[in-house]
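Before any comments, here is the structure.
The values are calculated or read from the model by the stated rules, or taken from the named source; none is laboratory data. What you see is a predicted model, and the numbers here were worked out from it, not measured in a lab. Note that we place each Cβ from the backbone using ideal geometry, even for glycine, and neighbour counts take in every protein chain shown.
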Amino acid sequence: MTIRRLSRVVKIDRYNAWVEIDGEEKYAHVRKRVLRDTGIYPGDYAWVSEVIKDREYAVEKIVPRKNILRRPTVANVSKAIYVHTFKQPEGYLFYLDLFLMNVIHEHIKPYIVINKVDLLSNDELQHAREVMKTYEDLGYPIIWTSAEEREGIEELKALLDRGTIVFAGMSGVGKSSLINTMYGLNLSVGAVSEKIGRGRHTTTYSKLIKVGEKTYVVDTPGFSLLEVPDDIEVKEVSSGFPEIAEREHLCAYPGCLHVDEPGCAVRDAVEKGEIAFHRYKSYLRILEAVKEKEEERKWRRRKKRR
């Protein structure tokens, strides 16, 4: 006798998965057709069959996803938290900009957490606040925290009361420490290398952790590289930059990509200081990456037709 039930995918191990059934994690084999047709990711809702005789489980089908984040790869995300630090390690704003574009593209609510504020001098903290004012003015919620000193922890926890919440950011910024402090967990944490100024990977895979009746947090591996979504088109890149998207209708030519076109209202705003220069540089860098992916897709289609 076989029983099918709806479950939540907690963790992936190549061709197998851990799924949540009746509040417990069960090991399940993933059918080849699932791997071929839809793939499977942490956060997926899946129909799982249970063979009563052998007490074995198998993932039969993936429920259509609400969204999917890539690198870290997690499905059906409610809120995405980007953890950034200005010291130990010094974070890259480009990664923040690319992450924001990814979550906006997938219609996920983004939050920015500035962690390790206890390490900053008064002047360094003032500089950090000036930098982040760009994002604050764009409407992104920003929470200033110190997992070590428990600063901002209750404010952050209050924002994340339910749903599937992803914590992402560079290695060493304190994602696991924040989760441990908020929920009393004991996730592995690592120190920042003094030699290279970057964190070491302590989380090696994405896993859903249930911390409330309807709340999951996802601790993800720290990254040293982010990629643009495979399905985004050149004309869609600006949608990830609200300050650019809101000015596009003022450009002289429809379809302006804001690179070197005459009469570009976006480049004019950059020159006037109305758009932060580092944000514009991030936009151009992402635009080039998307162009390269589009060319690669065209090349593959031509090769397939031969």
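What the table shows:
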{"read-out": "Options V117, V83, V131, V51: the member that is more than 20 Å from D230 (Cα to Cα), assigned by TED's automatic domain parsing to the domain that holds S7 and either β-branched (V, I, T) or in contact with a helix residue (DSSP H, G or I) (Cβ under 9 Å, 6 or more places away or on another chain) (or both)", "value": "V51"}
{"read-out": "Some residue of the range 55-73 being on the phi < 0 side of the Ramachandran plot, assigned by TED's automatic domain parsing to the domain that holds A28 and of a type in the set (G, A, S)", "value": "yes"}
{"read-out": "Residue selected from the range 95-126 under the condition of a type in the set (D, E, K, R) and closer than 30 Å to V237 by Cβ, by the criterion surrounded by the fewest Cβ atoms within 10 Å (Cβ to Cβ)", "value": "K109"}
{"read-out": "Test for D44: is it charged (D, E, K, R), touching a Ser or Thr at 6+ places or on another chain (Cβ under 7 Å) and modelled with pLDDT of 95 or more", "value": "no"}
{"read-out": "Close pairs from the range 176-198: first surrounded by 11 or more Cβ atoms within 10 Å (Cβ to Cβ) and part of a strand (DSSP E or B), partner among the small types (G, A, S) and at pLDDT 75 or above, Cβ under 8 Å, at least 6 apart", "value": "V192/G172"}
{"read-out": "Candidates V34, V74, filtered to the one that is modelled with pLDDT of 95 or more and surrounded by 14 or more Cβ atoms within 10 Å (Cβ to Cβ)", "value": "V34"}
{"read-out": "Entirely in the range 224-306, the helices (runs of 4 or more DSSP H) that have 1 or more residues that are free of Cβ contacts under 8 Å to residues at least 60 places away in the same chain and of a type in the set (F, W, Y)", "value": "277-305"}
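Okay, residues lined up against (1) surrounded by fewer than 12 Cβ atoms within 10 Å (Cβ to Cβ); (2) free of Cβ contacts under 8 Å to residues at least 60 places away in the same chain:
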{"site": "I3", "(1), (2)": "yes, yes"}
{"site": "V10", "(1), (2)": "no, no"}
{"site": "A17", "(1), (2)": "no, yes"}
{"site": "K26", "(1), (2)": "no, yes"}
{"site": "T38", "(1), (2)": "no, yes"}
{"site": "G43", "(1), (2)": "no, no"}
